[in-house]
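The values are calculated or read from the model by the stated rules, or taken from the named source; none is laboratory data. Note that the coordinates shown come from a computational prediction; the quantities given were computed from them, not determined experimentally. Cβ coordinates were reconstructed from backbone atoms using ideal geometry, including for glycine residues, and neighbour counts include every protein chain displayed.
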Amino acid sequence: MVMSQEADAAEFGARLKVLWITNISLPEGRELRGQTPTPFGGWLAGAAQSLSQRVDLSVASLGGRLANTRPSQGERISHYEFHSDTDPRSSRKDLLRIIESVNPVIVHIFGTEYRHARQAAELCVSGGRPFVVSVQGLVSVYAYHYKTGLPTKIQERFTLRDLVRADNIRLQQRAMRKRGIDEVATLRQATDVIGRTTWDAACATQINPYATYHKCNETLRGSFYEEEWTAQECERYSIFVSQGSYPIKGLHFMLEALPIILKQFPTARLFVAGMDPTGSGSLLDRLRVTSYGKYIGELIRKHGLGDHVKFTGLLDESSMRAQYLRTHVYALTSTIENSPNSLGEAMLLGVPTVAAAVGGVVDMAQPEIDALTYQADAPYMLAYQVCRVFKNDQLAAQLSRNARARALSTHNVEQNTDSLIEIYHTVINKNQSE
């Protein structure tokens, strides 16, 4: 059955039947199921929209324990949902049913960090079906960097929430390593892997030196291609961090850098996307606070930063774009990243950027040309680089122009769609010849 479809799709002009397996639902799929769209994974929607104009695309997404497994038909895309990884028998059964129902020429698995990716890879191998795995992050490697810059007592202590869930910072790192077991198994089954950076190429090929590595950059959310940052419309001396709820995002380093920045720019303000993790709201918020969130609150109080730090709450696509555009400096403070979409979006808009030189970041932004970079565990250098932008409008304008030009090339919709389809054909043809 698979081979007959492969023959039908052998010519490059044919519409391939492609199945994506993702850990995040597309907004259209959630709306069709009567669910509220989330602000997460919007870049997948942009890539799917472009690809669906040229292939017959179905998308199967990770749902919860009450996943709606009935297919939903969107404008161009068929949407499916499978049960949570916490119920591995159900998720495997769902995935098998979806794969057999769609009968795709090729399966594209996005991300390696969840058990369902391993299950999907196993099902493709056992069924002799071509598949390719896209690297997002790599938890088996991220785990090494999870506690960077955190005092030992912070790593080991428990809040009430941590006790109930048995996952303080050290245990979260252990859980990440455990998830890495499935990730390694997924990559070792794959004959073809898609990545974007020197970092993910190194990690993926060290895990599986026999896999063919394909490079394909990401397409981002459509509205970020449409507007452009200007110094005249930004809030002077404002800094934006796009996430700070867990240690890898490095908010603790930003809070160590901010007092140094305030000595030169006493009106500087830091905006952090997402809910306030410090437990400073209601009693319920305090009961839910994590050890990391508690530490963030302690740093804010220690350095007297209460009037200079604002958590924005969850931001949808429009609100996120607006926050970038009114920001003087976007700061990527992570202790490890592959190719962060937040950095890509900031660069697309031309927001002057200061970024930790970790993982694949330097493949996205050339230091001193597209962004200013610094050593991730050196908050004094983060402060220095931010102040350089604050002091020099000419530097800010230069970084803005260069970043936007670089990002428009890296995240070019047509080029990336062409590359992805070419990879699909390469994998299919290789499978036919074996």
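Worth a mention:
- Residues located in the range 91-148, provided they are part of a helix (DSSP H, G or I) and among the acidic types (Asp, Glu): ASP94, GLU100, GLU122
- If the condition is being of a type in the set (A, V, I, L, M, F, W, C) and in contact with a His (Cβ under 8 Å, 6 or more places away or on another chain), then the range 332-357 contributes ILE336, LEU348.
- Listing of helices (runs of 4 or more DSSP H) fully contained in the range 364-434 that carry 1 or more residues being at pLDDT below 95, touching a helix residue (DSSP H, G or I) at 6+ places or on another chain (Cβ under 7 Å) and surrounded by fewer than 22 Cβ atoms within 10 Å (Cβ to Cβ): 413-433
- PHE265 vs. criteria of a type in the set (A, V, I, L, M, F, W, C), in the same structural domain as THR312 (by TED's automatic domain parsing), surrounded by 24 or more Cβ atoms within 10 Å (Cβ to Cβ) and touching a Phe, Trp or Tyr at 6+ places or on another chain (Cβ under 7 Å): no
- Listed by first and then second residue, the pairs linking a residue in the range 316-333 that is under 20 Å from VAL354 (Cβ atoms) to a residue that is in a helix (DSSP H, G or I) and not hydrophobic (A, V, I, L, M, F, W, C), with Cβ atoms under 6 Å apart and 6 or more places separating them unless they lie on different chains, are ARG321/SER223.
- Residue that is surrounded by the most Cβ atoms within 10 Å (Cβ to Cβ), among those in the range 212-260 that are of a type in the set (Ser, Thr, Tyr) and within 16 Å of LYS294 (Cα to Cα): SER245
- Which listed residue, of ASP363, ASP418, is under 19 Å from the mean Cα position of the chain (by Cα), acidic (Asp, Glu) and within 23 Å of ILE194 (Cα to Cα): ASP363
- Some residue of the range 59-69 being modelled with pLDDT of 95 or more and outside any helix (DSSP H, G or I): yes
- For PHE158, the criteria (1) over 17 Å from VAL59 (Cβ atoms); (2) hydrophobic (A, V, I, L, M, F, W, C); (3) buried (at least 19 other Cβ atoms within 10 Å of the Cβ) hold in every case but one, which is (3).
- Identity of the residue in the range 13-27, more than 19 Å from the chain's Cα centre (by Cα) and not in a loop (DSSP other than H, G, I, E, B), that ends up surrounded by the most Cβ atoms within 10 Å (Cβ to Cβ): LEU19
- ALA201 vs. criteria within 28 Å of GLU122 (Cα to Cα), under 19 Å from the mean Cα position of the chain (by Cα), buried (at least 17 other Cβ atoms within 10 Å of the Cβ) and free of Cβ contacts under 8 Å to residues at least 40 places away in the same chain: yes
- Subset of the range 204-229 [without any contact (Cβ under 8 Å) to a residue 24 or more places away in the chain, assigned to a loop (DSSP other than H, G, I, E, B) and either in contact with a strand residue (DSSP E or B) (Cβ under 6 Å, 6 or more places away or on another chain) or not acidic (Asp, Glu) (or both)]: ASN208, PRO209, TYR210
- The helices (runs of 4 or more DSSP H) falling completely within the range 233-345 that include 2 or more residues that are over 23 Å from VAL361 (Cα atoms) and within 23 Å of the chain's Cα centre (by Cα) map to 291-302, 317-325.
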